[in-house]
1. What's the number of the condition residue 43 fails, among (1) among the β-branched types (Val, Ile, Thr); (2) farther than 26 Å from residue 135 by Cβ; (3) assigned by TED's automatic domain parsing to the domain that holds residue 140; (4) surrounded by 12 or more Cβ atoms within 10 Å (Cβ to Cβ)?
2. Looking for something under 18 Å from the mean Cα position of the chain (by Cα), within 23 Å of residue 119 (Cβ to Cβ) and not in a helix (DSSP H, G or I) - is there at least one such residue anywhere in the stretch 15-35?
3. Counting only residues that are in contact with a strand residue (DSSP E or B) (Cβ under 7 Å, 6 or more places away or on another chain) and outside any loop (DSSP other than H, G, I, E, B), which one in the stretch 106-116 is surrounded by the fewest Cβ atoms within 10 Å (Cβ to Cβ)?
4. Any chance you could count how many residues in the stretch 6-25 are farther than 19 Å from residue 111 by Cβ and either assigned by TED's automatic domain parsing to the domain that holds residue 145 or modelled with pLDDT under 85 (or both)?
5. Looking only at residues that are outside any strand (DSSP E or B) and under 27 Å from residue 124 (Cβ atoms) in the stretch 75-95, which one is farthest from the chain's Cα centre (by Cα)?
6. Tell me, please, whether a residue that is within 22 Å of residue 18 (Cβ to Cβ) and crowded, with 20+ Cβ neighbours inside 10 Å can be found in the stretch 95-105.
7. What are the residues in the stretch 107-128 that are over 18 Å from residue 67 (Cβ atoms) and in contact with a Gly (Cβ under 9 Å, 6 or more places away or on another chain), if any?
Amino acid sequence: MKPLKKNEIKQEVFDLYDDYAHNKLSRRVFMEKLSTYAVGGLTVASLMSFLMPNYKDTLLVDQDDPRLDSSFITYDSPKGGGPIKGLLSKPVKHSGKLPGIVVVHENRGLNPYIEDTARQAALEGFISLAPDALSPLGGYPGNDDEGRTMQRER
């Protein structure tokens, strides 16, 4: 089967995914509604593979990039959530002060895409901190569905 192209998918499918991604629909309801668009050569699986994040194949900066000093730190947030884990990244070759960026994740937690974004910022000459607001609940669970559930608990 040939790969899907954006123009082959109705806008309603993207709107449906947006509702799911922002907790307006449960996974079950999302899948049920998505199945109504699986007609002809389109399957639910092909639509899902097009819509869902694919962190592994889209990362731009290796987590062990030698141009970066990146490590996870823990800092206290007494008026927030307690100890918070975050990815701190900075360029290895720098002189003087550097500007800083806080890379804030959405409702999924500190997923690989957000980590990659922080490393990209560091390669551009910033010190970046990407905190995981899900730290008090154990941190990003490794998948977005569970991350959204944990964020609601937070």
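The values are calculated or read from the model by the stated rules, or taken from the named source; none is laboratory data. Keep in mind the model is a prediction, meaning the values are calculated, not measured. Using ideal geometry, Cβ is built from the backbone for each residue, glycine included, and neighbour counts are taken over all protein chains shown.
1. Here residue 43 clears every test but (3).
2. no
3. Here the answer is 114.
4. Total satisfying the criteria: 4.
5. Applying the filter and picking the extreme gives 95.
6. Scanning the stretch 95-105, I find at least one residue that is within 22 Å of residue 18 (Cβ to Cβ) and crowded, with 20+ Cβ neighbours inside 10 Å, so the answer is yes.
7. 107, 108, 109, 110, 111
A quick yes/no check of all residues on (1) farther than 25 Å from residue 137 by Cα; (2) free of Cβ contacts under 8 Å to residues at least 12 places away in the same chain:
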{"position": "31", "(1), (2)": "yes, no"}
{"position": "38", "(1), (2)": "yes, yes"}
{"position": "57", "(1), (2)": "yes, yes"}
{"position": "77", "(1), (2)": "no, yes"}
{"position": "86", "(1), (2)": "no, no"}
{"position": "89", "(1), (2)": "no, no"}
